1. Under 18 Å from the Cα of Lys145, which lysines turn up, not counting those fewer than eight places away in the same chain?
2. Is there a quick way to get the dipole size of the stretch 187-246? I mean about its Cα centre, with the Cβ of Lys and Arg at +1 and of Asp and Glu at -1; what is the value in debye to the nearest 20?
3. Going by the alpha-carbon gyration tensor, a ≥ b ≥ c the square roots of its eigenvalues, is the stretch 174-279 rounded (a/c under 1.5) or, if a/c is not under 1.5, prolate (a/b greater than b/c) versus oblate?
4. Find, among the chymotrypsin sites (Phe, Trp or Tyr not before Pro) in the stretch 124-231, those assigned to loop by DSSP (not H, G, I, E, B) with at most 16 other beta-carbon atoms within 10 angstrom.
5. Highest mean first, what order results for 59-70, 30-41 on Cβ atoms within 10 Å?
6. Just name one of Phe149, Ser120, Thr82: the one whose Cα is farthest towards the positive end of the charge dipole of the chain (beta-carbon charges, Lys/Arg +1, Asp/Glu -1).
7. List the residues of the stretch 148-173 whose backbone N lies under 16 Å from a point placed 7 Å from the Cα of Gln139 along the Cα-to-Cβ direction.
8. If the cut-off is 19 Å between C-alpha atoms, which aspartates and glutamates fall inside it for Lys88, apart from same-chain ones fewer than 8 positions away?
Amino acid sequence: MADNVQNQGVQTTGHVWDGDLQELNNPLPTWWTYSFYATIVFALVYWLIYPSWPMGSSFLKGFSGITYTNVQGEEEQWHWNTRAKLLKESQEALAMQQPYYDRLMQTPYQQISQDPELMSFVVSAGKVAFSDNCAGCHQAGGAGKVGFFPNLADDDWLYGGSFDAIQATITHGRRGYMPPYAEALSPVQVDELANYVLSLSGEPADGTKAANGKALFHSHAAACFYCHGENAKGRQDIGAANLTDKVWLWADVPGGQDGAAKLAAVKAVINGGLNKGVMPAWEGRLSPEQIKLLTVYVHELGGGK
């Protein structure tokens, strides 16, 4: 066997076992060897172009740079990094969108929907802006969360669904409030009032208690009609909810498994009041163009009014 290997011209390492078992030394294919060398050259070039090795308290920043515009409106050169890359790409994307923003600002609200190209921009850019700034509370798609944030995808509006009302809400924010009645009303009165509130939207309720609750609702003892109106349909000027529909924001009536759970949800709101209906003002955080974009997007999201 050793003779056969030598006759074939195959190189060996010189190691032989049992007189004829040899260790061959087959070289790697040439293409593989050069590919390996190429990866070494690539790594060296990469280290020179991009940030790489640590050097004391700093690091090798590389020769590649990124130019972007800082908050002062001045061009700034910086070594390559993901933050500078994001800023540059964001500015480039904004420059591409600017003509559409200009058209948006020049077009009255009522005419925007008549421009298919502009509406296409509102839907695509508005979805991104909503996801970045609004979805954290109102959820993706604007579905909201009972007990915390309003649903923007229905046609119920606490402060009004007109373009002007939505813009005012986004620009200046809102702060809803309802006083707690745990100390002002007895447990019996709270129970009667809760039954009346449930009956307003067709939910199961005790008829006698609801009748007493109705009188209490319109009395000066509870004075619910001050905010929710004589007809209990709410007041958009102060964000008081319409109690006659089946839209529930603060009391999780839809989540109640039975009548007792639904009643308990309403009583909890009456007893504890509300001081969490706070939406921050976006003026100064968002540009006027972004606010108008979101105004149109939210208006279309909920059907508008």
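1. Lys246, Lys262, Lys276
2. 100
3. rounded
4. Here the chymotrypsin sites (Phe, Trp or Tyr not before Pro) that fit, given the DSSP loop and packing criteria, are Phe148.
5. Per-residue mean Cβ counts within 10 Å order the peptides as 59-70, 30-41.
6. Projecting each Cα onto the dipole axis, the largest value belongs to Phe149.
7. Counting only backbone N, you get 148-156.
8. Correct list for Lys88: Glu74, Glu75, Glu76, Asp132.
No lab work stands behind these numbers, since they all come straight from the coordinates. Every value quoted in this text rests on a predicted model; they were computed, and no experiment measured them. Because the Cβ atoms are built from the backbone with ideal geometry, glycine has one as well, and the counts that use them run over all protein chains shown.
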